[in-house]
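Colleague: Handing you this structure, nothing more for now.
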Amino acid sequence: MTGRFTGFWSNVWIDVRYALRGLKNARGYAATLVMTLALGLSAVTAMLAVVDSVLLRPVALPHPEQLVMIAGRHQHESSTFDLSSKQIEDMRRDTRLFTAVSGWEGLPKPIEAGDGTRMGLLIEVTPNFFHMLGVPAKYGRLMNEHDKGASVAVVNAAFLRERLHGGDKAVGTTVRMSGRSFTVIGVLPDGVHFPDGVDSPIVYTPLELAAGDKDAWFGDSAAVMARMKPGITMEQAEAELRSLFAHEVTSNDPNPVIPYVRSYAEFLTGNMRTGLLALLGGCAVLLLIACANAANLQIVRATGRTAEMRVRSALGASFSRLLQQVTTESLVVSLLGATLGGAMAYGLVAMVRKAYAAQYARFEELSLHPLIFSACALLAVGAGVLAAIAPVLRIRRSTRPASMTTAHTTRRSRTAGLLVVVQIALTCVLLVVSGRSE
(Lines give C-alpha, C1' and ligand atoms only; values in the text may rest on other atoms or scores of the structure.)
Protein backbone atom coordinates (compact mmCIF):
# COMPACT_ATOMS: atom_id res chain seq x y z
CA MET A 1 0.00 0.00 0.00
CA THR A 2 2.80 2.40 0.93
CA GLY A 3 4.69 1.51 -2.23
CA ARG A 4 1.63 2.16 -4.39
CA PHE A 5 1.08 5.53 -2.69
CA THR A 6 4.74 6.48 -3.17
CA GLY A 7 4.60 5.40 -6.79
CA PHE A 8 1.54 7.55 -7.43
CA TRP A 9 3.18 10.70 -6.11
CA SER A 10 6.39 9.85 -7.93
CA ASN A 11 4.39 9.70 -11.17
CA VAL A 12 2.71 13.02 -10.30
CA TRP A 13 6.09 14.68 -9.82
CA ILE A 14 7.31 13.24 -13.12
CA ASP A 15 4.16 14.49 -14.85
CA VAL A 16 4.55 17.96 -13.36
CA ARG A 17 8.13 18.25 -14.61
CA TYR A 18 7.10 16.85 -18.00
CA ALA A 19 4.21 19.34 -18.19
CA LEU A 20 6.43 22.30 -17.33
CA ARG A 21 8.97 21.20 -19.90
CA GLY A 22 6.26 20.80 -22.54
CA LEU A 23 4.78 24.21 -21.75
CA LYS A 24 8.22 25.77 -22.00
CA ASN A 25 8.59 24.35 -25.49
CA ALA A 26 5.13 25.68 -26.49
CA ARG A 27 5.27 29.15 -24.98
CA GLY A 28 2.62 30.71 -27.18
CA TYR A 29 0.13 27.99 -26.37
CA ALA A 30 1.02 28.13 -22.66
CA ALA A 31 0.72 31.92 -22.45
CA THR A 32 -2.64 31.93 -24.27
CA LEU A 33 -4.04 29.13 -22.11
CA VAL A 34 -2.81 30.65 -18.83
CA MET A 35 -4.15 34.11 -19.71
CA THR A 36 -7.51 32.65 -20.79
CA LEU A 37 -7.98 30.91 -17.46
CA ALA A 38 -6.51 33.82 -15.50
CA LEU A 39 -9.09 36.25 -16.90
CA GLY A 40 -11.99 33.98 -15.95
CA LEU A 41 -10.58 33.13 -12.52
CA SER A 42 -9.67 36.74 -11.68
CA ALA A 43 -13.21 37.96 -12.45
CA VAL A 44 -14.84 35.26 -10.30
CA THR A 45 -12.31 35.71 -7.48
CA ALA A 46 -12.77 39.49 -7.41
CA MET A 47 -16.56 39.17 -7.33
CA LEU A 48 -16.35 36.50 -4.62
CA ALA A 49 -14.27 38.96 -2.58
CA VAL A 50 -16.89 41.69 -3.08
CA VAL A 51 -19.80 39.40 -2.15
CA ASP A 52 -17.89 38.02 0.85
CA SER A 53 -16.87 41.45 2.19
CA VAL A 54 -20.16 43.25 1.51
CA LEU A 55 -22.88 40.61 1.95
CA LEU A 56 -21.48 37.73 3.99
CA ARG A 57 -19.09 39.18 6.56
CA PRO A 58 -20.65 40.73 9.67
CA VAL A 59 -20.69 44.49 10.17
CA ALA A 60 -17.67 45.72 12.09
CA LEU A 61 -19.64 46.44 15.28
CA PRO A 62 -20.05 44.38 18.47
CA HIS A 63 -22.76 41.71 18.03
CA PRO A 64 -24.08 43.17 14.76
CA GLU A 65 -26.79 40.49 14.54
CA GLN A 66 -28.61 42.29 17.37
CA LEU A 67 -28.76 45.64 15.55
CA VAL A 68 -31.97 46.43 13.68
CA MET A 69 -33.52 49.38 11.89
CA ILE A 70 -37.15 50.20 12.71
CA ALA A 71 -39.45 52.17 10.43
CA GLY A 72 -43.17 52.64 10.00
CA ARG A 73 -45.42 51.76 7.12
CA HIS A 74 -49.10 51.58 6.38
CA GLN A 75 -50.86 48.28 5.91
CA HIS A 76 -50.76 46.94 2.32
CA GLU A 77 -48.08 49.49 1.42
CA SER A 78 -44.39 48.75 0.84
CA SER A 79 -42.97 52.25 1.33
CA THR A 80 -41.61 53.06 4.79
CA PHE A 81 -41.14 56.29 6.73
CA ASP A 82 -39.41 57.57 9.85
CA LEU A 83 -41.12 57.33 13.22
CA SER A 84 -42.36 60.28 15.24
CA SER A 85 -40.70 61.50 18.40
CA LYS A 86 -43.64 60.20 20.44
CA GLN A 87 -43.34 56.74 18.88
CA ILE A 88 -39.61 56.65 19.62
CA GLU A 89 -40.12 57.70 23.24
CA ASP A 90 -42.86 55.08 23.67
CA MET A 91 -40.57 52.36 22.31
CA ARG A 92 -37.71 53.42 24.57
CA ARG A 93 -40.02 53.34 27.57
CA ASP A 94 -42.30 50.35 26.95
CA THR A 95 -40.43 47.73 24.92
CA ARG A 96 -38.95 44.74 26.79
CA LEU A 97 -37.03 43.01 24.01
CA PHE A 98 -34.55 45.81 23.29
CA THR A 99 -31.57 46.92 25.35
CA ALA A 100 -31.57 50.33 23.63
CA VAL A 101 -33.63 52.31 21.11
CA SER A 102 -32.07 55.35 19.47
CA GLY A 103 -33.18 57.95 16.95
CA TRP A 104 -31.02 59.69 14.36
CA GLU A 105 -31.32 61.99 11.38
CA GLY A 106 -28.72 63.39 9.04
CA LEU A 107 -28.23 66.04 6.41
CA PRO A 108 -25.32 67.84 4.73
CA LYS A 109 -24.44 71.21 6.22
CA PRO A 110 -21.68 73.83 6.01
CA ILE A 111 -19.32 72.95 8.86
CA GLU A 112 -16.71 75.42 10.05
CA ALA A 113 -13.58 73.78 11.49
CA GLY A 114 -9.94 74.75 11.83
CA ASP A 115 -9.42 74.59 8.05
CA GLY A 116 -12.36 76.83 7.15
CA THR A 117 -15.96 76.16 6.15
CA ARG A 118 -16.84 73.24 3.92
CA MET A 119 -19.86 71.04 3.33
CA GLY A 120 -19.96 68.02 5.59
CA LEU A 121 -22.39 65.47 6.95
CA LEU A 122 -24.14 66.26 10.22
CA ILE A 123 -25.79 63.34 12.02
CA GLU A 124 -27.97 64.16 15.02
CA VAL A 125 -28.34 61.17 17.36
CA THR A 126 -30.02 60.58 20.68
CA PRO A 127 -27.37 60.65 23.43
CA ASN A 128 -27.57 56.87 24.02
CA PHE A 129 -26.67 56.14 20.39
CA PHE A 130 -22.99 55.24 20.79
CA HIS A 131 -23.68 53.19 23.91
CA MET A 132 -26.19 51.23 21.82
CA LEU A 133 -23.58 50.65 19.09
CA GLY A 134 -21.16 49.38 21.72
CA VAL A 135 -18.10 51.16 20.36
CA PRO A 136 -15.40 52.92 22.44
CA ALA A 137 -13.88 56.31 21.74
CA LYS A 138 -10.53 56.54 20.01
CA TYR A 139 -9.86 59.87 21.71
CA GLY A 140 -11.86 61.60 24.44
CA ARG A 141 -15.31 60.19 25.18
CA LEU A 142 -18.60 59.60 23.38
CA MET A 143 -21.98 61.12 24.14
CA ASN A 144 -24.18 59.79 26.94
CA GLU A 145 -27.51 60.66 28.51
CA HIS A 146 -25.97 63.57 30.44
CA ASP A 147 -25.22 65.36 27.14
CA LYS A 148 -28.89 65.84 26.28
CA GLY A 149 -29.27 69.40 24.95
CA ALA A 150 -25.55 70.16 25.33
CA SER A 151 -23.47 71.83 22.61
CA VAL A 152 -21.09 68.91 22.21
CA ALA A 153 -20.00 66.92 19.17
CA VAL A 154 -18.34 63.64 18.28
CA VAL A 155 -16.45 63.30 14.99
CA ASN A 156 -15.42 60.24 13.02
CA ALA A 157 -11.85 59.37 12.06
CA ALA A 158 -12.27 60.83 8.56
CA PHE A 159 -13.29 64.23 9.97
CA LEU A 160 -10.34 64.14 12.35
CA ARG A 161 -7.97 63.28 9.50
CA GLU A 162 -9.31 65.64 6.82
CA ARG A 163 -10.67 68.62 8.77
CA LEU A 164 -8.95 68.78 12.16
CA HIS A 165 -5.55 67.43 11.04
CA GLY A 166 -4.68 66.07 14.43
CA GLY A 167 -4.79 63.35 17.04
CA ASP A 168 -6.01 63.52 20.62
CA LYS A 169 -5.38 67.31 20.65
CA ALA A 170 -8.51 67.66 18.51
CA VAL A 171 -10.59 66.92 21.62
CA GLY A 172 -11.69 70.26 23.01
CA THR A 173 -11.62 72.11 19.69
CA THR A 174 -14.71 73.84 18.32
CA VAL A 175 -16.77 73.35 15.18
CA ARG A 176 -19.58 75.67 14.09
CA MET A 177 -22.81 74.80 12.30
CA SER A 178 -25.83 77.02 11.65
CA GLY A 179 -24.34 79.77 13.79
CA ARG A 180 -23.90 77.49 16.81
CA SER A 181 -20.61 76.31 18.30
CA PHE A 182 -20.04 72.70 19.37
CA THR A 183 -17.15 71.39 21.44
CA VAL A 184 -15.56 68.18 20.17
CA ILE A 185 -15.58 65.73 23.07
CA GLY A 186 -14.55 62.54 21.29
CA VAL A 187 -13.44 60.76 18.12
CA LEU A 188 -14.81 57.45 16.82
CA PRO A 189 -12.38 54.59 16.11
CA ASP A 190 -11.13 53.91 12.59
CA GLY A 191 -13.50 51.73 10.61
CA VAL A 192 -16.66 52.80 12.48
CA HIS A 193 -19.02 54.49 10.01
CA PHE A 194 -22.65 55.39 10.49
CA PRO A 195 -25.26 55.59 9.03
CA ASP A 196 -24.27 54.57 5.52
CA GLY A 197 -20.94 52.81 5.96
CA VAL A 198 -19.16 55.48 3.91
CA ASP A 199 -15.84 56.82 5.16
CA SER A 200 -16.69 60.52 4.73
CA PRO A 201 -16.16 63.29 7.31
CA ILE A 202 -19.08 63.22 9.78
CA VAL A 203 -19.99 65.26 12.85
CA TYR A 204 -22.44 63.82 15.43
CA THR A 205 -24.42 66.08 17.77
CA PRO A 206 -27.23 65.37 20.28
CA LEU A 207 -30.74 64.97 18.89
CA GLU A 208 -33.56 66.36 20.98
CA LEU A 209 -36.82 64.47 20.63
CA ALA A 210 -39.69 66.94 21.05
CA ALA A 211 -42.43 64.42 21.69
CA GLY A 212 -45.11 66.94 22.65
CA ASP A 213 -48.37 65.70 24.16
CA LYS A 214 -49.26 62.05 24.59
CA ASP A 215 -51.23 61.86 21.32
CA ALA A 216 -48.60 63.48 19.08
CA TRP A 217 -47.76 60.40 17.04
CA PHE A 218 -47.22 62.35 13.82
CA GLY A 219 -44.98 65.23 14.88
CA ASP A 220 -41.21 65.52 14.45
CA SER A 221 -39.73 62.30 13.10
CA ALA A 222 -36.40 60.49 13.00
CA ALA A 223 -34.92 57.23 11.77
CA VAL A 224 -34.67 54.54 14.44
CA MET A 225 -31.96 52.02 15.23
CA ALA A 226 -32.19 49.57 18.12
CA ARG A 227 -30.28 46.72 19.73
CA MET A 228 -32.23 43.58 20.56
CA LYS A 229 -31.50 41.53 23.63
CA PRO A 230 -29.39 38.39 23.06
CA GLY A 231 -31.44 35.51 21.70
CA ILE A 232 -34.32 37.68 20.47
CA THR A 233 -35.34 37.30 16.83
CA MET A 234 -36.58 40.05 14.54
CA GLU A 235 -39.96 38.31 14.36
CA GLN A 236 -40.31 38.51 18.16
CA ALA A 237 -39.21 42.14 18.18
CA GLU A 238 -41.65 43.07 15.42
CA ALA A 239 -44.50 41.26 17.21
CA GLU A 240 -43.86 43.28 20.37
CA LEU A 241 -43.76 46.53 18.41
CA ARG A 242 -47.00 45.65 16.61
CA SER A 243 -48.64 45.21 20.00
CA LEU A 244 -47.27 48.56 21.17
CA PHE A 245 -48.35 50.39 18.01
CA ALA A 246 -51.83 48.83 18.13
CA HIS A 247 -52.22 50.01 21.73
CA GLU A 248 -51.09 53.56 20.99
CA VAL A 249 -53.11 54.16 17.79
CA THR A 250 -56.86 54.49 18.10
CA SER A 251 -58.93 51.62 16.78
CA ASN A 252 -60.92 53.83 14.41
CA ASP A 253 -57.80 54.92 12.50
CA PRO A 254 -58.53 53.91 8.86
CA ASN A 255 -54.82 53.52 8.01
CA PRO A 256 -52.86 52.61 11.15
CA VAL A 257 -49.06 52.64 11.36
CA ILE A 258 -47.40 49.24 11.67
CA PRO A 259 -43.70 48.65 12.41
CA TYR A 260 -41.20 47.35 9.89
CA VAL A 261 -38.05 45.77 11.34
CA ARG A 262 -34.99 44.69 9.36
CA SER A 263 -31.40 43.94 10.26
CA TYR A 264 -28.78 46.68 10.10
CA ALA A 265 -26.78 44.58 7.60
CA GLU A 266 -29.81 44.43 5.30
CA PHE A 267 -30.31 48.17 5.73
CA LEU A 268 -26.76 48.75 4.48
CA THR A 269 -26.73 46.31 1.57
CA GLY A 270 -30.36 45.45 0.75
CA ASN A 271 -30.43 47.41 -2.52
CA MET A 272 -27.09 45.95 -3.62
CA ARG A 273 -27.66 42.24 -2.94
CA THR A 274 -29.46 41.41 -6.19
CA GLY A 275 -26.98 43.32 -8.34
CA LEU A 276 -23.90 41.80 -6.70
CA LEU A 277 -25.25 38.27 -6.94
CA ALA A 278 -26.14 38.86 -10.61
CA LEU A 279 -22.59 40.07 -11.27
CA LEU A 280 -21.21 37.00 -9.51
CA GLY A 281 -23.37 34.79 -11.74
CA GLY A 282 -22.15 36.66 -14.81
CA CYS A 283 -18.52 36.14 -13.77
CA ALA A 284 -19.25 32.42 -13.27
CA VAL A 285 -20.55 32.26 -16.85
CA LEU A 286 -17.40 34.08 -17.97
CA LEU A 287 -15.32 31.40 -16.25
CA LEU A 288 -17.28 28.69 -18.09
CA ILE A 289 -16.51 30.46 -21.37
CA ALA A 290 -12.83 30.51 -20.40
CA CYS A 291 -12.98 26.78 -19.65
CA ALA A 292 -14.53 26.11 -23.06
CA ASN A 293 -11.77 28.15 -24.71
CA ALA A 294 -9.15 26.27 -22.72
CA ALA A 295 -10.67 22.94 -23.72
CA ASN A 296 -10.52 23.92 -27.39
CA LEU A 297 -6.88 24.90 -27.05
CA GLN A 298 -6.09 21.60 -25.36
CA ILE A 299 -7.93 19.66 -28.08
CA VAL A 300 -5.67 21.30 -30.67
CA ARG A 301 -2.62 20.38 -28.59
CA ALA A 302 -3.87 16.81 -28.08
CA THR A 303 -4.29 16.44 -31.84
CA GLY A 304 -0.64 17.28 -32.32
CA ARG A 305 0.32 14.72 -29.67
CA THR A 306 -1.65 11.81 -31.16
CA ALA A 307 1.47 10.02 -32.39
CA GLU A 308 3.18 10.46 -29.01
CA MET A 309 0.22 9.00 -27.13
CA ARG A 310 0.00 6.04 -29.52
CA VAL A 311 3.68 5.26 -29.03
CA ARG A 312 3.37 5.45 -25.25
CA SER A 313 0.27 3.26 -25.35
CA ALA A 314 2.08 0.73 -27.56
CA LEU A 315 4.97 0.66 -25.07
CA GLY A 316 2.59 -0.36 -22.29
CA ALA A 317 1.28 2.87 -20.82
CA SER A 318 -2.28 2.32 -19.63
CA PHE A 319 -5.07 4.76 -20.36
CA SER A 320 -5.21 5.70 -16.65
CA ARG A 321 -1.50 6.62 -16.83
CA LEU A 322 -2.07 8.79 -19.90
CA LEU A 323 -5.14 10.26 -18.22
CA GLN A 324 -3.05 11.21 -15.18
CA GLN A 325 -0.44 12.89 -17.34
CA VAL A 326 -2.91 14.95 -19.36
CA THR A 327 -4.94 15.93 -16.29
CA THR A 328 -1.77 16.90 -14.41
CA GLU A 329 -0.70 19.13 -17.28
CA SER A 330 -4.14 20.76 -17.32
CA LEU A 331 -4.03 21.29 -13.56
CA VAL A 332 -0.54 22.82 -13.78
CA VAL A 333 -1.81 25.30 -16.36
CA SER A 334 -4.91 26.03 -14.24
CA LEU A 335 -2.88 26.65 -11.09
CA LEU A 336 -0.56 28.96 -13.02
CA GLY A 337 -3.69 30.73 -14.24
CA ALA A 338 -5.01 30.87 -10.66
CA THR A 339 -1.76 32.43 -9.46
CA LEU A 340 -1.91 35.10 -12.13
CA GLY A 341 -5.67 35.44 -11.68
CA GLY A 342 -5.26 35.90 -7.91
CA ALA A 343 -2.79 38.72 -8.50
CA MET A 344 -5.15 40.31 -11.02
CA ALA A 345 -8.08 39.90 -8.60
CA TYR A 346 -6.06 41.62 -5.85
CA GLY A 347 -5.54 44.60 -8.15
CA LEU A 348 -9.19 44.61 -9.23
CA VAL A 349 -10.41 44.61 -5.62
CA ALA A 350 -8.06 47.47 -4.76
CA MET A 351 -9.34 49.47 -7.75
CA VAL A 352 -13.00 48.82 -6.88
CA ARG A 353 -12.40 49.76 -3.23
CA LYS A 354 -10.72 53.03 -4.22
CA ALA A 355 -13.33 53.89 -6.86
CA TYR A 356 -16.52 53.05 -4.93
CA ALA A 357 -15.70 53.28 -1.21
CA ALA A 358 -17.20 56.76 -1.11
CA GLN A 359 -20.41 55.68 -2.89
CA TYR A 360 -21.51 52.31 -1.51
CA ALA A 361 -21.81 50.96 2.00
CA ARG A 362 -19.11 48.52 3.12
CA PHE A 363 -17.04 48.91 -0.05
CA GLU A 364 -14.28 50.45 2.05
CA GLU A 365 -13.96 47.00 3.69
CA LEU A 366 -13.26 45.10 0.44
CA SER A 367 -10.37 42.66 0.77
CA LEU A 368 -9.24 39.22 -0.36
CA HIS A 369 -9.49 36.93 2.63
CA PRO A 370 -7.63 33.56 2.77
CA LEU A 371 -10.93 31.75 2.22
CA ILE A 372 -11.30 33.54 -1.13
CA PHE A 373 -7.82 32.44 -2.23
CA SER A 374 -8.77 28.88 -1.25
CA ALA A 375 -11.93 29.20 -3.34
CA CYS A 376 -9.80 30.45 -6.25
CA ALA A 377 -7.55 27.39 -5.95
CA LEU A 378 -10.58 25.05 -5.90
CA LEU A 379 -12.03 26.81 -8.94
CA ALA A 380 -8.68 26.38 -10.70
CA VAL A 381 -8.70 22.65 -9.99
CA GLY A 382 -12.29 22.40 -11.23
CA ALA A 383 -11.46 24.42 -14.35
CA GLY A 384 -8.42 22.24 -15.00
CA VAL A 385 -10.41 19.02 -14.75
CA LEU A 386 -13.25 20.46 -16.86
CA ALA A 387 -10.90 21.70 -19.57
CA ALA A 388 -9.12 18.30 -19.64
CA ILE A 389 -12.27 16.26 -20.37
CA ALA A 390 -12.32 16.90 -24.14
CA PRO A 391 -8.61 16.19 -24.79
CA VAL A 392 -8.79 13.08 -22.57
CA LEU A 393 -11.66 11.73 -24.67
CA ARG A 394 -9.61 12.53 -27.76
CA ILE A 395 -6.64 10.59 -26.41
CA ARG A 396 -8.81 7.62 -25.46
CA ARG A 397 -10.11 7.37 -29.02
CA SER A 398 -6.68 7.82 -30.56
CA THR A 399 -5.12 5.01 -28.51
CA ARG A 400 -7.72 2.38 -29.37
CA PRO A 401 -6.22 -0.36 -31.55
CA ALA A 402 -9.03 -0.23 -34.13
CA SER A 403 -9.17 3.56 -34.37
CA MET A 404 -9.02 5.28 -37.74
CA THR A 405 -7.37 8.64 -38.37
CA THR A 406 -10.26 10.03 -40.41
CA ALA A 407 -12.72 9.15 -37.71
CA HIS A 408 -10.56 10.94 -35.16
CA THR A 409 -10.49 14.07 -37.25
CA THR A 410 -14.25 14.07 -37.70
CA ARG A 411 -14.97 13.52 -34.02
CA ARG A 412 -12.42 16.10 -32.95
CA SER A 413 -14.06 18.65 -35.18
CA ARG A 414 -17.46 17.82 -33.77
CA THR A 415 -16.20 18.26 -30.19
CA ALA A 416 -14.49 21.53 -31.02
CA GLY A 417 -17.58 22.76 -32.83
CA LEU A 418 -19.78 21.83 -29.88
CA LEU A 419 -17.51 23.84 -27.57
CA VAL A 420 -17.78 26.84 -29.89
CA VAL A 421 -21.58 26.55 -29.76
CA VAL A 422 -21.41 26.42 -25.94
CA GLN A 423 -19.27 29.57 -25.88
CA ILE A 424 -21.69 31.43 -28.15
CA ALA A 425 -24.67 30.33 -26.04
CA LEU A 426 -22.99 31.43 -22.80
CA THR A 427 -22.03 34.76 -24.38
CA CYS A 428 -25.66 35.30 -25.40
CA VAL A 429 -26.71 34.60 -21.81
CA LEU A 430 -24.33 37.33 -20.60
CA LEU A 431 -25.61 39.79 -23.20
CA VAL A 432 -29.27 39.12 -22.35
CA VAL A 433 -28.70 39.38 -18.60
CA SER A 434 -26.65 42.56 -18.89
CA GLY A 435 -29.30 44.06 -21.17
CA ARG A 436 -32.07 43.31 -18.67
CA SER A 437 -30.01 44.75 -15.79
CA GLU A 438 -29.76 48.04 -17.65
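The values are calculated or read from the model by the stated rules, or taken from the named source; none is laboratory data. Bear in mind that the values here come from a model prediction, so they are computed numbers and not experimental data. Backbone-built Cβ (ideal geometry, glycine too); neighbour counts: all protein chains shown. Accessible surface areas use protein heavy atoms only, side chains included; no ligands, DNA or RNA. Shrake-Rupley method; radii C 1.70, N 1.55, O 1.52, S 1.80 Å.
Colleague: State the extension gain, in nm to one decimal, for the chain segment bounded by residue 374 and residue 81, taking 0.36 nm per residue of separation less the distance between their alpha-carbons.
Modeller: Contour length minus the Cα-Cα distance gives 101.2 nm.
Colleague: Sorting check: for 230-240, 155-165, which peptide has the highest mean count of neighbouring beta carbons within 10 Å, and how do the rest follow?
Modeller: On the way: 230-240: 14.2, 155-165: 20.5.
Going from most to least packed, we get 155-165, 230-240.
Colleague: If I model a spin label at residue 246 and residue 119 as a point 7 Å from the Cα along the Cα→Cβ vector, what separation in nanometres do I get?
Modeller: Each label point is offset 7 Å from its Cα along the Cβ direction, giving 4.6 nm.
Colleague: In whole percent, and with a 1.4 Å probe on the protein chains, what portion of the accessible area of region 142-190 is carbon and sulfur? Before the final figure, lay out the partial values.
Modeller: Numbers: 1090 of 2230 Å².
Answer for region 142-190 is 49 percent, counting heavy atoms of protein chains only.
Colleague: Sorted by accessible area with a 1.4 angstrom probe, largest first, how do 334, 79 fall?
Modeller: Numbers: 334 0, 79 70 Å².
Heavy-atom accessible area, descending, gives 79, 334.
Colleague: Radius of gyration and Dmax for region 41-142's Cα atoms, expressed in Å?
Modeller: Cα radius of gyration and Dmax of region 41-142 are 18.6, 54 Å respectively.
Colleague: Let me ask something else. What do you reckon, how do 260, 204, 29 stack up by accessible area (1.4 Å probe), largest on top?
Modeller: Working: 260 70, 204 0, 29 45 Å².
Ranked from most to least accessible, the order is 260, 29, 204.
Colleague: Debye sum, Cα scatterers, region 135-196, no solvent: what log₁₀ I/I(0) at q = 0.15, 0.29 1/Å?
Modeller: -0.43, -1.34
Colleague: What pairs from 169/229; 86/229; 148/354; 86/169 go past 29 Å between their alpha carbons?
Modeller: On the way: 169/229 37 Å; 86/229 22 Å; 148/354 38 Å; 86/169 39 Å.
Violating the 29 Å Cα-Cα cut-off are 169/229; 148/354; 86/169.
Colleague: Hey, if you drop one equal point scatterer on each alpha-carbon of region 255-389 and run the Debye formula without solvent, what base-10 log of I(q)/I(0) do you get at q = 0.09, 0.16 Å⁻¹?
Modeller: Those come out to -0.45, -0.94, one per q.
Colleague: Using a 1.4 Å probe on the protein chains only, how many percent of the accessible area of region 339-387 belongs to carbon and sulfur?
Modeller: Details: 1920 of 2630 Å².
The value for region 339-387 is 73 percent carbon and sulfur by accessible area.
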